[in-house]
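Undergrad: What follows is a structure written as structure tokens; I'll ask about it next.
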Amino acid sequence: MPCLFSVLLLFTRKTIVQHRVTPLSRATAFLYKEYEIPFFWWEPLELLRKLTLTGFVLIVPQQWSLLRLVIAILVSLGSLVLLLVGQPYNDP
């Protein structure tokens, strides 16, 4: 899904930045309408974060549960830093 969302946003990025409405940009508005225009790509990044925290961490063997925890903490902290620095949402 993050790849599909990224491809859709890649095809519509020009119309998003120029504030034009096309059938494809209208159909994909759920991906970018809550974010500032420079951060129209935020939704695939957020979905990737969620997938990493809930699924990809489980790829690490259970014997290395501490490594799972460290990866989850690093992903969460990285996401928090990007969120605080970028402030991508239209409505704070």
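Undergrad: Check V57 against each of (1) modelled with pLDDT under 95; (2) surrounded by fewer than 13 Cβ atoms within 10 Å (Cβ to Cβ); (3) over 21 Å from G86 (Cβ atoms) and name the one condition it does not meet.
TA: (2)
Undergrad: Could you grab me the full set of residues in region 10-31 that are open to solvent by less than 50 Å² (accessible area, probe 1.4 Å) and either within 24 Å of G55 (Cα to Cα) or part of a loop (DSSP other than H, G, I, E, B) (or both)? Let's see the steps before the verdict.
TA: In the first step, residues of region 10-31 are kept if they are open to solvent by less than 50 Å² (accessible area, probe 1.4 Å); the result is 12, 15-16, 22, 25, 28-29, 31.
Passing the criteria: T22, T28, L31.
Undergrad: So the check is Cβ under 8 Å with 6+ separation or different chains; which pairs have a first residue in region 57-85 that's farther than 18 Å from W42 by Cα and a second one that's surrounded by 11 or more Cβ atoms within 10 Å (Cβ to Cβ) and charged (D, E, K, R)?
TA: Close Cβ pairs (under 8 Å, with a partner that is surrounded by 11 or more Cβ atoms within 10 Å (Cβ to Cβ) and charged (D, E, K, R)) amount to V57/R68; L58/R68; V60/R68.
Undergrad: State all residues of region 48-72 that are of a type in the set (A, V, I, L, M, F, W, C), assigned to a helix (DSSP H, G or I) and either touching a Lys or Arg at 6+ places or on another chain (Cβ under 6 Å) or within 21 Å of P2 (Cβ to Cβ) (or both); if no residue qualifies, say none. Step through it out loud before you land on a result.
TA: Quick first cut of region 48-72, residues of a type in the set (A, V, I, L, M, F, W, C) only: 48, 51, 53, 56-60, 64, 66-67, 69-72.
Subset that is assigned to a helix (DSSP H, G or I): 48, 51, 53, 56-59, 64, 66-67, 69-72.
L48, L51, L53, F56, V57, L58, I59, I71, A72, listed by residue number.
Undergrad: In region 35-52, is there at least one residue being basic (K, R), within 12 Å of the chain's Cα centre (by Cα) and open to solvent by 90 Å² or more (accessible area, probe 1.4 Å)? Walk me through how you get there before you give the answer.
TA: Looking only at region 35-52, we keep the residues that are basic (K, R), and these are 49-50.
From what is left, the residues that are within 12 Å of the chain's Cα centre (by Cα) are 49-50.
Within this subset, residues satisfying the condition of being open to solvent by 90 Å² or more (accessible area, probe 1.4 Å) are 50.
Yes, region 35-52 has at least one match.
Undergrad: Answer yes or no: is there a residue in region 73-89 that is surrounded by fewer than 16 Cβ atoms within 10 Å (Cβ to Cβ), of a type in the set (F, W, Y) and touching a Phe, Trp or Tyr at 6+ places or on another chain (Cβ under 8 Å).
TA: yes
The values are calculated or read from the model by the stated rules, or taken from the named source; none is laboratory data. Please read these numbers as outputs of a predicted model, since none were measured by experiment. So basically every Cβ, Gly included, is an ideal-geometry build from the backbone, and we count neighbours across all protein chains shown. What goes into the accessible areas is simple: the full protein's heavy atoms, side chains included, and nothing from ligands, DNA or RNA. Shrake-Rupley method; radii C 1.70, N 1.55, O 1.52, S 1.80 Å.
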